[in-house]
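The values are calculated or read from the model by the stated rules, or taken from the named source; none is laboratory data. Keep in mind that this is a model prediction, so the values were computed, not measured. In this analysis, Cβ positions are derived from the backbone assuming ideal geometry, glycine residues included, and neighbour counts consider all displayed protein chains. Heads up: the accessible areas ignore ligands, DNA and RNA and are worked out on the full protein's heavy atoms, side chains in. Shrake-Rupley method; radii C 1.70, N 1.55, O 1.52, S 1.80 Å.
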Amino acid sequence: MQILVVCMGNICRSPTAEAVLRKAFKTAGREDIVIDSAGTDAYHVGEQPDRRSREAGERRGYDFDGIRARQIAERDYAEFDLILAADKQNYRRLVQQCPDHYRHKVKLMLSYSQGSEEEVPDPYYGGDQGFELVLDLIEEAAEGLLNTI
(Lines give C-alpha, C1' and ligand atoms only; values in the text may rest on other atoms or scores of the structure.)
Protein backbone atom coordinates (compact mmCIF):
# COMPACT_ATOMS: atom_id res chain seq x y z
CA MET A 1 0.00 0.00 0.00
CA GLN A 2 1.14 3.53 -0.79
CA ILE A 3 -0.13 6.65 1.02
CA LEU A 4 0.41 10.25 -0.09
CA VAL A 5 -0.16 13.14 2.32
CA VAL A 6 -0.86 16.55 0.78
CA CYS A 7 -0.94 20.16 2.01
CA MET A 8 -0.40 23.39 0.10
CA GLY A 9 3.38 23.91 0.01
CA ASN A 10 4.65 20.55 1.30
CA ILE A 11 6.90 22.13 3.94
CA CYS A 12 4.87 22.00 7.17
CA ARG A 13 1.85 19.72 7.53
CA SER A 14 2.38 17.04 4.89
CA PRO A 15 6.09 16.39 5.57
CA THR A 16 5.26 16.24 9.28
CA ALA A 17 2.55 13.69 8.49
CA GLU A 18 5.00 11.76 6.31
CA ALA A 19 7.48 11.53 9.19
CA VAL A 20 4.78 10.62 11.74
CA LEU A 21 3.19 7.96 9.51
CA ARG A 22 6.54 6.43 8.58
CA LYS A 23 7.39 5.96 12.24
CA ALA A 24 3.90 4.71 13.18
CA PHE A 25 3.86 2.06 10.44
CA LYS A 26 7.47 1.04 11.11
CA THR A 27 6.76 0.67 14.84
CA ALA A 28 3.71 -1.46 13.97
CA GLY A 29 5.89 -3.69 11.79
CA ARG A 30 4.26 -2.45 8.59
CA GLU A 31 7.34 -1.34 6.71
CA ASP A 32 5.61 -2.52 3.52
CA ILE A 33 3.50 0.67 3.61
CA VAL A 34 5.09 3.44 1.50
CA ILE A 35 4.52 7.00 2.75
CA ASP A 36 5.22 10.14 0.73
CA SER A 37 4.09 13.76 0.75
CA ALA A 38 3.42 16.52 -1.77
CA GLY A 39 1.92 19.97 -2.11
CA THR A 40 -0.84 21.28 -4.32
CA ASP A 41 1.40 24.26 -5.13
CA ALA A 42 5.02 24.37 -6.30
CA TYR A 43 6.21 27.23 -4.07
CA HIS A 44 8.89 25.23 -2.24
CA VAL A 45 9.85 22.40 -4.61
CA GLY A 46 13.16 20.85 -3.57
CA GLU A 47 13.25 22.51 -0.15
CA GLN A 48 13.52 20.74 3.19
CA PRO A 49 10.54 20.87 5.54
CA ASP A 50 10.15 24.11 7.48
CA ARG A 51 12.72 24.39 10.28
CA ARG A 52 10.00 24.81 12.91
CA SER A 53 8.20 21.66 11.71
CA ARG A 54 11.43 19.67 11.81
CA GLU A 55 12.37 20.94 15.27
CA ALA A 56 8.95 20.19 16.75
CA GLY A 57 8.85 16.75 15.13
CA GLU A 58 12.42 15.85 16.06
CA ARG A 59 11.68 16.66 19.71
CA ARG A 60 9.08 13.88 19.51
CA GLY A 61 11.47 11.48 17.80
CA TYR A 62 10.45 11.88 14.15
CA ASP A 63 12.95 11.70 11.29
CA PHE A 64 12.73 14.15 8.39
CA ASP A 65 15.81 12.89 6.51
CA GLY A 66 15.29 12.71 2.78
CA ILE A 67 12.02 14.62 2.77
CA ARG A 68 11.96 17.36 0.13
CA ALA A 69 9.02 19.42 -1.07
CA ARG A 70 7.41 18.46 -4.34
CA GLN A 71 4.19 19.24 -6.14
CA ILE A 72 1.60 16.53 -6.66
CA ALA A 73 1.82 15.02 -10.14
CA GLU A 74 -0.89 13.46 -12.29
CA ARG A 75 0.74 10.01 -11.95
CA ASP A 76 0.31 10.19 -8.15
CA TYR A 77 -3.43 9.64 -8.48
CA ALA A 78 -2.78 6.27 -10.14
CA GLU A 79 0.26 5.22 -8.07
CA PHE A 80 -1.03 5.92 -4.56
CA ASP A 81 -3.77 3.89 -2.90
CA LEU A 82 -4.75 6.67 -0.49
CA ILE A 83 -4.28 10.43 -0.81
CA LEU A 84 -4.81 12.37 2.42
CA ALA A 85 -5.46 16.11 2.32
CA ALA A 86 -4.53 18.25 5.32
CA ASP A 87 -7.53 20.56 4.92
CA LYS A 88 -10.72 21.11 2.95
CA GLN A 89 -9.21 23.62 0.53
CA ASN A 90 -6.51 21.19 -0.55
CA TYR A 91 -9.05 18.36 -0.58
CA ARG A 92 -11.18 20.32 -3.05
CA ARG A 93 -8.15 21.07 -5.22
CA LEU A 94 -7.16 17.40 -5.26
CA VAL A 95 -10.67 16.26 -6.16
CA GLN A 96 -10.85 18.84 -8.98
CA GLN A 97 -7.50 17.69 -10.44
CA CYS A 98 -8.07 13.99 -9.89
CA PRO A 99 -9.41 11.78 -12.69
CA ASP A 100 -12.94 10.62 -11.82
CA HIS A 101 -11.98 6.96 -11.43
CA TYR A 102 -9.43 7.80 -8.70
CA ARG A 103 -11.51 10.23 -6.62
CA HIS A 104 -12.37 7.52 -4.10
CA LYS A 105 -8.71 7.59 -3.01
CA VAL A 106 -8.82 11.23 -1.83
CA LYS A 107 -9.81 11.76 1.81
CA LEU A 108 -9.26 14.29 4.59
CA MET A 109 -6.39 13.26 6.85
CA LEU A 110 -8.41 13.86 9.99
CA SER A 111 -11.20 11.59 8.79
CA TYR A 112 -9.10 8.90 10.53
CA SER A 113 -9.06 10.83 13.81
CA GLN A 114 -11.49 10.41 16.69
CA GLY A 115 -11.26 14.12 17.49
CA SER A 116 -13.71 16.85 16.53
CA GLU A 117 -11.26 18.70 14.26
CA GLU A 118 -11.80 18.22 10.53
CA GLU A 119 -8.69 20.02 9.28
CA VAL A 120 -5.03 20.25 10.18
CA PRO A 121 -4.48 24.02 10.47
CA ASP A 122 -1.56 25.60 8.63
CA PRO A 123 1.00 26.61 11.30
CA TYR A 124 3.22 28.58 8.93
CA TYR A 125 2.29 32.09 10.10
CA GLY A 126 1.69 31.23 13.74
CA GLY A 127 3.88 30.49 16.73
CA ASP A 128 5.43 27.29 18.02
CA GLN A 129 2.15 26.07 19.52
CA GLY A 130 0.74 25.71 16.02
CA PHE A 131 3.42 23.16 15.14
CA GLU A 132 2.71 21.23 18.34
CA LEU A 133 -1.02 21.18 17.51
CA VAL A 134 -0.24 19.89 14.02
CA LEU A 135 1.74 17.04 15.56
CA ASP A 136 -1.03 16.24 18.05
CA LEU A 137 -3.67 16.08 15.31
CA ILE A 138 -1.51 14.04 12.94
CA GLU A 139 -0.50 11.58 15.66
CA GLU A 140 -4.15 10.96 16.47
CA ALA A 141 -5.02 10.49 12.78
CA ALA A 142 -2.02 8.17 12.36
CA GLU A 143 -3.34 5.94 15.13
CA GLY A 144 -6.77 5.79 13.48
CA LEU A 145 -5.27 5.10 10.05
CA LEU A 146 -3.07 2.35 11.45
CA ASN A 147 -6.10 0.74 13.10
CA THR A 148 -8.05 0.97 9.83
CA ILE A 149 -5.32 -0.62 7.74
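Sequence gap at least 6, Cα distance under 8 Å: using those rules, report the relative contact order of the stretch 18-136 to the nearest whole percent.
21
Using the membrane-span-like helix rule (whole DSSP H runs, Cα extent along the own axis of at least 15 Å, mean Kyte-Doolittle hydropathy at least -1.0), which helices of the chain qualify? All intermediate terms of the calculation are to be shown ahead of the outcome.
Numbers: long enough: 13-27 (21 Å, -0.53); 128-148 (30 Å, 0.22).
Membrane-span-like by this rule: 13-27, 128-148.
With every protein chain kept in place and ligands, DNA and RNA left out, what is the accessible area per residue of the stretch 29-124? Probe 1.4 Å, answer in Å².
Ligands and nucleic acids excluded, the result is 55 Å² per residue.
Which Cα, out of Gly126, Leu94, Ile138, lies furthest along the positive dipole direction of the stretch 94-149 (beta carbon charges, K/R +1, D/E -1)?
Of the candidates, Leu94 comes out farthest on the positive side.
Hey, what's the Cα Rg ratio for the stretch 67-136 versus the globular rule of thumb, 2.2 N^0.38 Å? Mind showing how you got there, number by number?
On the way: Rg = 13.5 Å, N = 70, 2.2 N^0.38 = 11.1 Å.
Here the answer is 1.22, to two decimals.
Is it possible to state the helix-based mean residue ellipticity at 222 nm for the chain, with each DSSP H run of 4+ residues giving -39500 (n - 2.57), the sum divided by total residues, to the nearest 500 deg cm²/dmol? What is it?
-13000 deg cm²/dmol
At a Cα cut-off below 24 Å, give the lysines reachable from Lys26, other chains included and same-chain residues fewer than 8 away excluded.
Result set, ordered by chain and number: Lys105, Lys107.
Given labels modelled 7 Å from the Cα in the Cβ direction, how far is it in nm from Ala73 to Glu143?
Computed distance between label sites Ala73 and Glu143 equals 3.6 nm.
When averaged across all projection directions, what area in nm² does the alpha-carbon convex hull of the chain cover?
8.0
For the residue pair Asp136 and Glu31, what label-to-label distance in nm results when each label sits 7 Å from Cα along the Cα-to-beta-carbon direction?
Roughly 3.3 nm, to one decimal.
Per the 1.4 Å probe, what fraction of the accessible area of the chain, in percent, lies on carbon and sulfur atoms? Write down the numbers at each step before the final one.
Details: 3310 of 7510 Å².
Of all accessible area on the chain, carbon and sulfur atoms account for 44 percent.
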